[in-house]
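Below is one structure, written out as structure tokens, with a few remarks after it.
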Amino acid sequence: INRKISEFKNKDPQKRFKRVSIISSVILILILIFTDIIPILPNAYNRFYVGNTYDIGETQGSVFDKFGENVLYAGNGVVMSFGPDMECIFKVETPTGIPRLETTGSNAIIYYTASNDAVVILNNTSTKSIKTDNIITCATINSKGYYGLVTKEPGYKSYVEIFNSSGTSIYKYHTNNPIIDIAVADNGKSMIASSYELSDTAIMGKLLFI
């Protein structure tokens, strides 16, 4: 009897070790599956999983930004919106040039360096091409679709024009302050602009509440 008890005790730790090893292996496999390291399940568990690719060609000078649940890409002569799996939702031909991109939610405005061309995109679908009288220096758009353009203006340092989501001009502002950035309130009734002044010894930043 003592010999049998001794044999049982010797085998028991091995069984426990084997049981723990099996459980640990199962847990590890489940972790790998649910994190898409082992891509068995759909990518609902990992929003960064990319199942497709899209060849966009030359990308020098291009920009991209978050665009609602999608990504907006602006390149030389083209703007494209991509969904979570890199499917192209829409593609719009635009003027050529080095793009600058501003997005808020599902609204975006794209303008081009040393150009008077811009493109407005509302609700991730509708697009509107804009051509100003003078070169655009900066632009903005808010969550309600109000957008603003700052251009060079003869006789002034900057000219600001605000539009509603229908493209109607609702405000114009001439200033001898060089405007380098603007933001428009959601209701379109006010805006803030950043500017600067040069002196012999310093550059002074300014905020304009309009």
| request: Kindly indicate whether Tyr147 is modelled with pLDDT of 90 or more and among the hydroxyl-bearing types (Ser, Thr, Tyr). | output: yes
| Does Ile162 satisfy being in contact with a Leu (Cβ under 9 Å, 6 or more places away or on another chain) and under 30 Å from Val78 (Cβ atoms)? | yes
| Would it be correct to say that Ile29 is open to solvent by less than 30 Å² (accessible area, probe 1.4 Å) and at pLDDT below 85? | no
| remark: By my count, strands (runs of 3 or more DSSP E) wholly in the stretch 138-179 with at least 1 residues that are open to solvent by 10 Å² or more (accessible area, probe 1.4 Å), out of contact with any helix residue (DSSP H, G or I) (no Cβ under 6 Å at 6 or more places or on another chain) and farther than 17 Å from Ala114 by Cα are 156-163, 169-175
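Matching residues to (1) more than 18 Å from the chain's Cα centre (by Cα); (2) among the polar types (S, T, N, Q); (3) modelled with pLDDT under 90; (4) closer than 29 Å to Glu153 by Cα:
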| position | (1), (2), (3), (4) |
| --- | --- |
| Gly75 | no, no, yes, yes |
| Glu87 | no, no, yes, no |
| Thr94 | yes, yes, yes, yes |
| Thr103 | no, yes, no, yes |
| Asp117 | yes, no, no, yes |
| said: One residue is enough: does the stretch 191-201 have a residue meeting the conditions over 20 Å from Ile130 (Cβ atoms) and touching a residue at least 40 places away in the same chain (Cβ under 8 Å)? | reply: no
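How many residues, within the stretch 180-190, are in contact (Cβ under 8 Å) with a residue 40 or more places away in the chain and open to solvent by less than 70 Å² (accessible area, probe 1.4 Å)? Even if it seems obvious, please write down each step before you answer.
Of the stretch 180-190, the ones in contact (Cβ under 8 Å) with a residue 40 or more places away in the chain are 180-188.
Next, from what is left, pick out any that are open to solvent by less than 70 Å² (accessible area, probe 1.4 Å): 182-185, 188.
Matching residues across the stretch 180-190 total 5.
The values are calculated or read from the model by the stated rules, or taken from the named source; none is laboratory data. Quick caveat, the model's predicted, so the values are computed rather than measured. Quick reminder, even Gly has a Cβ in these numbers, built from the backbone with ideal geometry, and neighbours come from all protein chains shown. Keep in mind that these areas ignore ligands, DNA and RNA; they rest on the heavy atoms of the full protein, side chains included. Shrake-Rupley method; radii C 1.70, N 1.55, O 1.52, S 1.80 Å.
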